[in-house]
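Undergrad: Let me give you the structure first, and then I'll get to my questions.
The values are calculated or read from the model by the stated rules, or taken from the named source; none is laboratory data. Remember, it's a predicted structure, so these values are computed and weren't measured experimentally. Ideal geometry is used to build each Cβ from the backbone, glycine not excepted, and the neighbour counts take in all protein chains shown.
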Amino acid sequence: MESDGKTFDQVKVIIEAAKSKGSWLILAGHEMGGPGRLNTSLETIEAICQYAMDPANEIWIDNVHNIARYVKEKRGEKSFSVLPFTGIQFSRLNRGSRTCSPG
């Protein structure tokens, strides 16, 4: 689901709809923090992280690799410990206090 140009309140509606259906939700955007419609504001990203990290909201936020590993383990399938595609580069949001990492 595209997060570009959306406020936290708009994204929260999407999160809650997925949660009520027991569905997975992957948010995707083009850029972070810049002007224009193809950007997700840092304020929106921070609010999503704060909301997801509150245990009362029962939201799991993680990367696709970790979620896939969890699903494979729950299915009784052999888990993988390294990313299956080595050509993909991942980056983390890490701008001072602006991080979305529980650890």
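Undergrad: Scanning for something touching a residue at least 60 places away in the same chain (Cβ under 8 Å), out of contact with any Lys or Arg (no Cβ under 8 Å at 6 or more places or on another chain) and either surrounded by 12 or more Cβ atoms within 10 Å (Cβ to Cβ) or farther than 30 Å from Phe80 by Cβ (or both), does region 16-23 turn up at least one residue?
TA: Checked against the condition, which is being touching a residue at least 60 places away in the same chain (Cβ under 8 Å), out of contact with any Lys or Arg (no Cβ under 8 Å at 6 or more places or on another chain) and either surrounded by 12 or more Cβ atoms within 10 Å (Cβ to Cβ) or farther than 30 Å from Phe80 by Cβ (or both), region 16-23 yields no hits at all.
Undergrad: Now a separate question. Would you call Ala47 part of a helix (DSSP H, G or I), out of contact with any strand residue (DSSP E or B) (no Cβ under 9 Å at 6 or more places or on another chain), modelled with pLDDT of 85 or more and exposed (fewer than 10 other Cβ atoms within 10 Å of the Cβ)?
TA: Considered against the rule, which asks whether it is part of a helix (DSSP H, G or I), out of contact with any strand residue (DSSP E or B) (no Cβ under 9 Å at 6 or more places or on another chain), modelled with pLDDT of 85 or more and exposed (fewer than 10 other Cβ atoms within 10 Å of the Cβ), Ala47 comes out as no.
Let's see how each residue does on (1) within 22 Å of Ser23 (Cβ to Cβ); (2) modelled with pLDDT of 85 or more:
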| position | (1), (2) |
| --- | --- |
| Ala56 | yes, yes |
| Val64 | yes, no |
| Tyr70 | yes, yes |
| Glu73 | yes, yes |
| Lys78 | no, no |
| Val82 | no, no |
| Thr86 | no, no |
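Undergrad: Please go through region 15-37 and give me each residue that is assigned to a loop (DSSP other than H, G, I, E, B), farther than 15 Å from Met1 by Cβ and either at pLDDT below 85 or under 10 Å from the mean Cα position of the chain (by Cα) (or both), ordered by number.
TA: Gly33, Gly34, Pro35, Gly36, Arg37
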